[in-house]
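In what follows, a single structure is set out as structure tokens and then discussed.
Since every read-out is calculated from the coordinates, none of them should be taken as a lab result. Since we're looking at a predicted model, the values are computed, not measured. Every residue, glycine as well, gets a Cβ built from its backbone with ideal geometry; the counts of neighbours run over all protein chains shown.
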Amino acid sequence: MTDHDALGATFAALLAPAPPWPDEGVSAWWARAAPIAATRAPHLAALALGGRADRLGYAFAGGYVAALNALVPARDRARTAALCATEAGGVHPRAIEARYVGGVVHGDKTFVTLADAADELYVLAREGERDGRPRLALVVVDARGPGVTLRPLPPAPFVPEIGHAAVRLDGAPAARLPGDGWDDYVRPFRTVEDAHVHLALLGWLIASARRWGALAEPALEEALALAAGLSAIAREDPSAPTTHLALAGAIGASARVLAALDEDAMPADDRARWRRDRPLLSVASKARAARRAKAWEPLQIPT
């Protein structure tokens, strides 16, 4: 099946949706999701998994792991993963104190999304310096292996199904990925994540709205058009300014479609979850605005 045909089949499934998977926790949800993630391109998996989610939290989980599958194409896509970058000083390169030496990693990560449900941890760590700057690697650690300790953090007031943890790495065996840990992985991940999480969000929106009769046909058509556009954006260079601008436009248009959702048509429990969870959509909005502004800088027309 070509990618074009696969996208059409995914759209057809969203418009005639199967029942959502039950809420039995992230690990149980992922056990159902793994065959889809393992056999479909990440952008298609994100859409399909969003369509089987009964809430934003599980749609986010599908989009997040699809993003990691896109970021690291050679990984086993059926395995859950979490990116471990943030430390006490932040996430910029000079803040990274975790160290990768002799095949093991030492350090502390203060905020790791989905760490409690992950099979693998992708850890940003120093491996020395180059020209007075930290040389960073991305290394893979068995989330349940020796030298790994997780400390669960309190649940957030929205999407509480998605756990976060602090992670201590004390001589945990690790395998280095090729390339630069910052330039090739962590810096582009926000763009990759935004594209795939918003694809999953659109999958949730289209399938849920069809189940509830909560979107008029023109709004559903716009949602499908946005999903088609985001599917293309998700496969573009995540470092390119034009990718950032197209992504900003798609995210803005997605917000307008979400505003058309008829909340009165939603079952009471789903409506309450939606109202609780929609602050998720504003997370990192300042970073997105800064990315958009920076993307326009090299594209200004001289006067």
Options (1) 24.3, 83; (2) 19.4, 60; (3) 19.9, 67 for Rg and Dmax of the Cα atoms in Å; the value derived from the coordinates is listed as (2)
The ³J(HN,Hα) series, computed from each phi in the stretch 186-203 with the Karplus coefficients 6.51, -1.76 and 1.60 at θ = phi - 60°, rounded to the nearest Hz and given as x for glycine or proline, is 6, 4, x, 5, 4, 5, 4, 5, 4, 5, 6, 5, 6, 4, 5, 4, 5, x
With 0.36 nm assigned to each residue of separation and the Cα-Cα distance removed, Ile301 to Thr149 gains 49.5 nm
HN-Hα couplings for the stretch 231-243 via Karplus (6.51, -1.76, 1.60; θ = phi - 60°), in whole Hz with x for Gly/Pro, come out as 4, 6, 4, 4, 9, 8, 4, x, 9, 7, x, 5, 5
If every Lys and Arg gets +1 and every Asp and Glu gets -1 at its Cβ, then about the Cα centre the chain yields a dipole, in debye to the nearest 20, of 500 debye
The distance between the Cα centres of the stretch 70-98 and the stretch 219-250, in whole Å, is 24 Å
Counting only residues 5 or more apart in sequence or on a different chain, those whose built amide H sits under 5 Å from that of Met266 are none
Taking placed amide H atoms and a strict 5 Å upper bound, the residues 5 or more places from Asp54 or on another chain that come that close are Trp21
So for R0 = 30 Å, FRET eff. of Ala240-Asp170 from the Cβ-Cβ r, to 0.05, ends up at 0.15
With N residues in the stretch 81-176, Rg(alpha-carbon) / (2.2 N^0.38 Å) equals 1.05
Placing each pseudo-label 7 Å from Cα in the direction of the beta carbon, Arg210 and Thr39 end up separated by a distance in nanometres of 1.9 nm
Over the chain, the sum of -39500 (n - 2.57) across DSSP H runs of at least four, divided by residue number and rounded to 500 deg cm²/dmol, gives at 222 nm -15000 deg cm²/dmol
Scalar couplings 3J(HN,Hα) for the stretch 49-55 by Karplus 6.51 cos²θ - 1.76 cosθ + 1.60 (θ = phi - 60°), nearest whole Hz, x for Gly and Pro, are 5, x, x, 9, 7, 9, 7
